[in-house]
Amino acid sequence: MGALTLRNVTLGYDRHPAVHHLSGEVTPGALLAVVGPNGAGKSTLFRGIVGMLKPLAGTISLHGANARDVAYLPQVADIDRSFPISVFDFVGMGLLRRTGLFGGIGRRERLAIEQALQAVGLTGFEARAIGTLSGGQMQRMLFARLLLQDARIIVLDEPFNAIDAKTSADLLDLVRRWHAEGRTVLAALHDIELVRATFPETLLLAREPVAWGDTADVLTTDNLATARRMCEAFDEHAAACIVDAPSSARAA
Amino acid sequence: MMYDVLIAPFVEFEFMRRALAGVLTLALGGAPVGVFLMLRRMSLVGDAMAHAILPGAAIGFLLSGLNLIAMTVGGLIAGFTVAILAGLVARMTELKEDASLAAFYLFSLALGVTIVSIRGTNIDLLHVLFGNVLALDDQTLLAIAINATVTMIVLALIWRPLVMECVDPLFLRSVSRAGAPAHLAFLALVVINLVNGFHALGTLLAVGLMVLPAGIARFWARDISTMMMVAVAAAIVSGYAGLVLSFFTKVPPGPAIILVTAFVYLASLLFGPVSGLLRQMFPGRHLEA
């Protein structure tokens, strides 16, 4: 049984599809890259998976897991950086599902937070206000919080954008560690070389699935050219879609 | 001499003692709520809500005269109605909270002024607009104390989701359903404390003892817990000093309290160690690392 099954999923806004007729299964422990041009529907797909967007049609199944058990790093974080909160307390939010709304942060939790900060290289930053962090440090902090969420499924939306090479490499090590621990990781990425080097599986998306499978088979010149020709604009006068059958994309 | 000015008025006159008790209780509940209002960039929302409670209080007044309990209940109902309607509209449609709240509170304010002017005298209208902290009776003091107690307990309960919704609302939404209930509970607290301030300071200034202390605290503290303490302390000191000022001058107590608070705010703006103006103009030599 898969960790995540998509059955003929159409996701979109105001009836216009942004991801059209996507079917497939993500196996438990998969390390899947989602690749496609801007506007291909990568973020929309992720928002559907974490339950923030209801599919227009089709079903997304997490096989018993709750959408809130998925750790999600959005592309555009809606974080108020001027809020007076320390790095330690911010990262501690990742423990919410363990402590609940009222549970205390005891010795064990403190240790877990310290270890997460150490894993992302932010030891010594505990008392700093989050507003004083650089872009790279901010991303490291968000990864520390993801670590503490201890989720079976981790969804990363363009996690390495505007991040320098050293930080990307450090954070990519964490992704590899999650993969080695048997967690399912989905990541939207633009760096094709990075995907080829690290991600065994790829979904090439261009509003509709272009290809889904082993990275080497998916990222061919032909497929990438097809993805690039994708039409981005919604047609205001589009007729209602009557295709009910799943599209021909191959399930992984 | 110091005794005559600072303590004697409260020893000699019962209405001063009552006023002091009222102001201290207001500070305990209102200032922490004000800090959250500021951190959520809702300071002006608090102001709008203060006007929104007017028709409820006015209907209470119409039904039973200057009965503070009736006015409290009416104010709570009107405030909750506006807060919840505005919150629901913001969550369910494209309209943002500020716009939807503006629409509801203007409607509410117009209705309130209409009701008061149909039935009341000019003195009633003055009481509604500016309150009278020197005329708090037992019942009203008790109501204020109960409201402040409820505020502190509820704030402790919703603290975690409230902070998380301020810092990173998307994250809270992705891990918990507590965001929306916490938000609505917080709006309820805002209304409760506005009704509280309404008795002492009137509908125009009620929000003063919430928003100004929070602004003061921002110049003195970098973390939210210290901010709360500074805000409460600032509200207590200003409330007390305002009462003394009002006792020895002809300034009415409500405006006196808010004037003193505003003065403390200006001083903090100048001298506060966290981003105060003097600190910015004379930051000292830069550090080595």
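The values are calculated or read from the model by the stated rules, or taken from the named source; none is laboratory data. Everything numeric here is computed off the predicted structure, so don't read it as measured data. Note that each Cβ is placed from the backbone with ideal geometry, even for glycine, and that neighbours are counted across all protein chains shown. Surface accessibility is based on the protein's heavy atoms, side chains included, excluding ligands, DNA and RNA. Shrake-Rupley method; radii C 1.70, N 1.55, O 1.52, S 1.80 Å.
Summary of values
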quantity: Residue in the stretch A:83-90 that is surrounded by fewer than 17 Cβ atoms within 10 Å (Cβ to Cβ) and at negative phi present; calculated: no
quantity: Criterion violated by A:Tyr13 - all others in (1) within 14 Å of chain B (Cβ to nearest Cβ); (2) at pLDDT 90 or above satisfied; calculated: (2)
quantity: Hits in the stretch B:229-260 - residues which are within 14 Å of chain A (Cβ to nearest Cβ) and either open to solvent by 20 Å² or more (accessible area, probe 1.4 Å) or of a type in the set (D, E, K, R) (or both); calculated: B:Met229, B:Val230
quantity: Selected residue [closer than 16 Å to B:Val45 by Cβ, modelled with pLDDT under 85 and more than 14 Å from chain A (Cβ to nearest Cβ)] from B:Ala188, B:Ala103, B:Ala135; calculated: B:Ala188
quantity: Condition check for B:Leu204: open to solvent by 50 Å² or more (accessible area, probe 1.4 Å) and of a type outside the set (Phe, Trp, Tyr); calculated: yes
quantity: Failed item in (1) surrounded by fewer than 21 Cβ atoms within 10 Å (Cβ to Cβ); (2) farther than 20 Å from B:Leu141 by Cβ; (3) touching a helix residue (DSSP H, G or I) at 6+ places or on another chain (Cβ under 6 Å), with B:Arg41 passing the rest; calculated: (3)
quantity: Those residues of the stretch A:29-53 which are of a type outside the set (Gly, Ala, Ser), under 15 Å from B:Ser174 (Cα atoms) and touching a helix residue (DSSP H, G or I) at 6+ places or on another chain (Cβ under 8 Å), in sequence order; calculated: A:Ile49, A:Val50, A:Met52, A:Leu53
quantity: Those residues of the stretch A:107-124 which are part of a loop (DSSP other than H, G, I, E, B) and open to solvent by 30 Å² or more (accessible area, probe 1.4 Å), in sequence order; calculated: A:Gly121, A:Thr123, A:Gly124
quantity: Filtered residue count, the stretch A:73-85, keeping only those that are more than 7 Å from chain B (Cβ to nearest Cβ) and farther than 25 Å from A:Ala187 by Cα; calculated: 1
quantity: Extreme residue, farthest from the other protein chains (Cβ to nearest Cβ), among residues of the stretch A:94-104 that are open to solvent by 10 Å² or more (accessible area, probe 1.4 Å) and assigned to a helix (DSSP H, G or I); calculated: A:Arg98
quantity: Helices (runs of 4 or more DSSP H) enclosed by the stretch A:125-235 - at least 1 residues per element that are assigned by TED's automatic domain parsing to the domain that holds A:Ile85 and surrounded by fewer than 17 Cβ atoms within 10 Å (Cβ to Cβ); calculated: A:135-149
quantity: Some residue of the stretch A:111-127 being within 11 Å of another protein chain (Cβ to nearest Cβ) and at pLDDT 90 or above; calculated: yes
quantity: Residue satisfying all of: in the stretch B:146-181; closer than 25 Å to B:His199 by Cβ and surrounded by fewer than 17 Cβ atoms within 10 Å (Cβ to Cβ); farthest from the other protein chains (Cβ to nearest Cβ) among these; calculated: B:Ile146
quantity: Residues of the stretch A:128-177 classified as touching a residue at least 24 places away in the same chain (Cβ under 8 Å), within 13 Å of chain B (Cβ to nearest Cβ) and of a type in the set (Ser, Thr, Tyr), total; calculated: 0
quantity: Members of the stretch B:244-289 that are in contact (Cβ under 8 Å) with a residue 60 or more places away in the chain and in a loop (DSSP other than H, G, I, E, B); calculated: B:Pro252
quantity: Condition broken by A:Ala57, with the remaining ones in (1) at pLDDT 85 or above; (2) of a type in the set (Gly, Ala, Ser); (3) closer than 23 Å to A:Ala127 by Cα satisfied; calculated: (3)
